[in-house]
1. Scan the stretch A:180-202 for residues that are within 7 Å of another protein chain (Cβ to nearest Cβ) and β-branched (Val, Ile, Thr) and jot them down.
2. Pick from B:Val161, B:Val150, B:Val169: which is surrounded by fewer than 20 Cβ atoms within 10 Å (Cβ to Cβ) and either facing another protein chain (nearest Cβ under 7 Å) or touching a His at 6+ places or on another chain (Cβ under 8 Å) (or both)?
3. Picking from B:Thr206, B:Thr186, which residue would you name as being of a type in the set (Ser, Thr, Tyr) and either within 10 Å of another protein chain (Cβ to nearest Cβ) or buried (at least 19 other Cβ atoms within 10 Å of the Cβ) (or both)?
4. Would you point out the residue of the stretch A:177-215, among those that are in contact with a strand residue (DSSP E or B) (Cβ under 9 Å, 6 or more places away or on another chain) and more than 22 Å from B:Gln146 (Cβ to Cβ), that is surrounded by the most Cβ atoms within 10 Å (Cβ to Cβ)?
5. Give me the pairs, please: first residue somewhere in the stretch B:97-125 and within 11 Å of another protein chain (Cβ to nearest Cβ) and touching a residue at least 60 places away in the same chain (Cβ under 8 Å), second residue anywhere and in a strand (DSSP E or B) and small (Gly, Ala, Ser), beta-carbon distance under 7 Å, and either six or more positions apart or on two chains.
6. So how many residues does the stretch B:263-288 have that are farther than 24 Å from B:Thr185 by Cβ, within 21 Å of the chain's Cα centre (by Cα) and without any contact (Cβ under 8 Å) to a residue 40 or more places away in the chain?
7. Among the numbered criteria (1) within 22 Å of B:Arg144 (Cα to Cα); (2) at pLDDT 95 or above, which one does A:Arg155 miss?
8. Is at least one residue of the stretch B:305-319 assigned by TED's automatic domain parsing to the domain that holds B:Met228, surrounded by fewer than 21 Cβ atoms within 10 Å (Cβ to Cβ), polar (S, T, N, Q) and without any contact (Cβ under 8 Å) to a residue 24 or more places away in the chain?
Amino acid sequence: MKRALLLNLFAVVLALALGGVGCKKPQKPVTQIPIAGAKGGPGPGGTTRVGPTEGGARSPTPDNVAPVQPDTGVRATPVETTPVKEGPSGIEQAPIEMIEGMVPDTEYFKAQTVYFEFDSSVVRKTQHGRCDAVGDELKAKPEAKLMIDGHCDERGTEEYNRALGERRALAVRTYLIKYGIAADRVFTRSWGENRPADPGQNEDAYAKNRRGEFILLLPKP
Amino acid sequence: MNMARAILSWMAAGVVLLQWLAARAGEERITIEREAWGRTPPIHISLEGYSGEVERVLQFDLEIAGFKVVGSGDEKLQYALKGGGGSVVEGRLQDAIKKSELFAKAYSGGGARTQAHALSDDVVLAVTGKPGVARTKIAFKITRGQDSEVYLADYDGFNAVAVTQDRTVVAAPCWRPGHRMLFYTTYKSGNPDIVSHDLGSGVRRTVARYSGSNISPAVSPDGQHVAMILSKSGSPDLFVANVDGTGLRQLTQTPEDESSPTWSPDGGWVCFATRIDGRRTLARIPAGGGSMRRIATSGVLNPTEPDWSPDGKTIAFTSQMGGFQICLVEAGGGEAKLLVSGEDPCWAGNSRTLIYTKRGSGGRRSLSLLDVLTKQSKDIPINAGTASQPSWAR
């Protein structure tokens, strides 16, 4: 009750202040617009350099100066208090430097591509034979490593699909680790919906796109 | 207690009176409350003495700011904007009901488009009391064939320039607040890495390059931290680091796939999409680490791509139920409100306008703007390919 009263008092003061400002506001007859800055050509690193632009988002701020954030007075506070149970994430990946410079062979395991059901990252029993074949080859080639590419159909939002594609690749990786392949030999990468095997927009095409592809990585000869 | 109650009702009456007076003084203030989403009537305005590009820009800007452009004889006319017809853009804004003039300005410098944008921003400020967004910038990606590049443009899609020439997949560009800098994922190295890209110098730096995915960057409102999804732990989890990639901390550790982080405006929370008990949901976690909590989105299914409004009150997100729908929910969670068909919403700095992606025939995607209050929308013309994943500079 007391709090509500205070809030109301505050509102009155605020309303008064706003009204006052509104009446006294001076009117500027002319607004001067700065002329658009020059737009440069390609900048370093093969990227296009974009020069300063007229009255756009914000003027350039040096990195060492913290931008002033308007305080909206709004603070997010939690409503639900039940913490959500968290579980183990998965099997940690080895540093990416371990495969830098290795030579990829995208054709070698072409016939072993595995397929998934809609919005699922479960490696189905029907796909186990293909994974086993890849595992056997890796056991016979101790110098080789493996990249698993996860893909999705387009029936999902783009970043959700990128995470789903990763989960698919990771599910296949976990299967291979259980099959006896060392965890530091198997790497993952997700393309989400960005590299469809079939660009069609029907269930046939979608089924072909929900897949995990194996890429053999060999040391530089 | 009775006394307190009496004082309270007098106070309330006082506030109402003062608000009415403020409104009379041309200082109407729009607060975005749940009841107003999609139900606010547009403000009727006439444009007189404009033609060609200037008229088109004014109409686009004002309609996406919640105005309805009508003829000068319209019975619902509230405001009239009158031009001078000279070589520079001029504007006299008149209150058609009170027959008073709010401002008279002439604009110089820049081009006709910029002058028209400046005029519409002045109209929006004078009528609503809030700054307009007609001179802001957007970033997005354009896909041609299997490759995509990051682009930068005016908020209406004009003056688009390529930011990348990577000739591979790029994803999820995101502004660093208060800086002319973008964060995004590029597959240029062969792996999806997160980079920062200074638009002034063109310098690009690697922020996250770990095994697996480095995706969906979101820079904190103070511009100093980046939330992102990494899978180096063996599952797509939420991480936070300094903007240069140092000081990496893992915030979630779940067997599910987290995606699309977004910050609360005070920087205290990160909201994201995940799955709890097998059901897709939005959740949030303290940015400094702690327990994850569900954000309820009652009435809709499969929420993804949350974007927290800069005023902190509302989270816009995509719901997937057959097609894709842009939805709003209060930041604490609750009943979700369906707005329009579309996906991947991103707020403008005014916490009122959204930019989002539409899917057309043949998988083609394009960008649109939406005024959350009046539900008026405008398509952004981009002819260079299929456009998606917009991010509004703020």
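The values are calculated or read from the model by the stated rules, or taken from the named source; none is laboratory data. Just so it is clear, the structure is predicted and the values come from calculations on it, not from any experiment. Note that we place each Cβ from the backbone using ideal geometry, even for glycine, and neighbour counts take in every protein chain shown.
1. Answer for the stretch A:180-202, where residues must be within 7 Å of another protein chain (Cβ to nearest Cβ) and β-branched (Val, Ile, Thr): just A:Thr188.
2. Only one candidate qualifies: B:Val161.
3. Checking each option against the conditions leaves just B:Thr186.
4. Looking at the filtered set, the residue picked out is A:Val186.
5. Every condition considered, the pairs that remain are B:Leu119/B:Gly91.
6. Final tally of qualifying residues: 1.
7. (2)
8. no
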